[in-house]
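Reading through the structure tokens given below for one structure.
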Amino acid sequence: MICLKNIAVLASGEGTNLQAIMDAVDKGEIAGKVVLVISDRHEAKALVRARKKNIRALFIDPAEYGGRADYDSALVAALQKENVDLVVMAGFMRMLSATMIDTFRGKIMNIHPSLLPSFPGCEGVKQAMEHGVKVTGCTVHFVDEGLDTGPIIIQDSVVVLQDDTLETLQQRIHSVEYRSYIRAIDLYCRDMIKVEGRRCIIHEKQG
Ligand code: GRF
């Protein structure tokens, strides 16, 4: 029998990925449970979504901390208190410092709305469109010290249509993000991802 992993989600905004993850947990599609949601924005809809599911939702206010390392010490304390096994970043608009990354190395995932290593950073969809790419998509990766540079777990592609606007393209990327993230989180929870250098090897069978 698989022991369910404790998942924490960090989110700054709308939280539609969080919603998809919580719904997938409820349907038994992820071998884990969301035990904590943290936001750096008081008004984040992600916090409301978590509370609706009776999941502990914390606002940790950046204004109360001196800098990134201080803030991340508060994050680490909150995560350790809940015995978190996996930290999932879902639209968390802060770069993590060494304090977080060293404590949870190999246990932090992020989702990015482009096919990395193309178009990292916070304008991935816009830059891909402006560049005129015909195919873009999303990437789930482990988080390291760089900006969207960690080992890639899963990618999924989205065709750019000639009449796409930023909004329509963003929307289609969003809908593939959900299934990619759910799959990546479930693989992690089942101990099916092995990292060899930059490569993530997926073991379809456990053991
Ligand atoms: C997603 O597009 C994700 O790729 C990016 O932030 C967005 C979060 O959206 N990192 P939501 O808050 O989950 O709706």
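The values are calculated or read from the model by the stated rules, or taken from the named source; none is laboratory data. Computed from a predicted model, the values in this text were never measured in an experiment. Cβ placement follows ideal geometry from the backbone for every residue including glycine, while neighbour counts extend to all protein chains displayed. Please note that ligands, DNA and RNA were not included when accessible areas were found on the heavy atoms of the full protein model with its side chains. Shrake-Rupley method; radii C 1.70, N 1.55, O 1.52, S 1.80 Å.
Considering only segment 116-157, how many residues are more than 21 Å from residue 12 (Cα to Cα), over 15 Å from the mean Cα position of the chain (by Cα) and hydrophobic (A, V, I, L, M, F, W, C)?
Here the count works out to 4.
State the number of residues belonging to segment 56-104 that are of a type outside the set (Ser, Thr, Tyr), open to solvent by 60 Å² or more (accessible area, probe 1.4 Å) and more than 16 Å from the ligand (Cβ to nearest atom).
Residues that pass the stated criteria total 10.
Before we move on, is residue 11 within 15 Å of the ligand (Cβ to nearest atom) and buried (at least 21 other Cβ atoms within 10 Å of the Cβ)? Spell out the reasoning first.
Details: within 15 Å of the ligand (Cβ to nearest atom): yes; buried (at least 21 other Cβ atoms within 10 Å of the Cβ): yes.
Answer is yes for this residue.
When you go through (1) within 15 Å of the ligand (Cβ to nearest atom); (2) more than 27 Å from residue 153 (Cα to Cα); (3) in a helix (DSSP H, G or I) one by one for residue 21, which number turns out not to apply?
(2)
Please indicate, with yes or no, whether at least one residue in segment 141-157 is in a loop (DSSP other than H, G, I, E, B), within 11 Å of the ligand (Cβ to nearest atom) and among the small types (Gly, Ala, Ser).
The answer is no, given that none of the residues of segment 141-157 is in a loop (DSSP other than H, G, I, E, B), within 11 Å of the ligand (Cβ to nearest atom) and among the small types (Gly, Ala, Ser).
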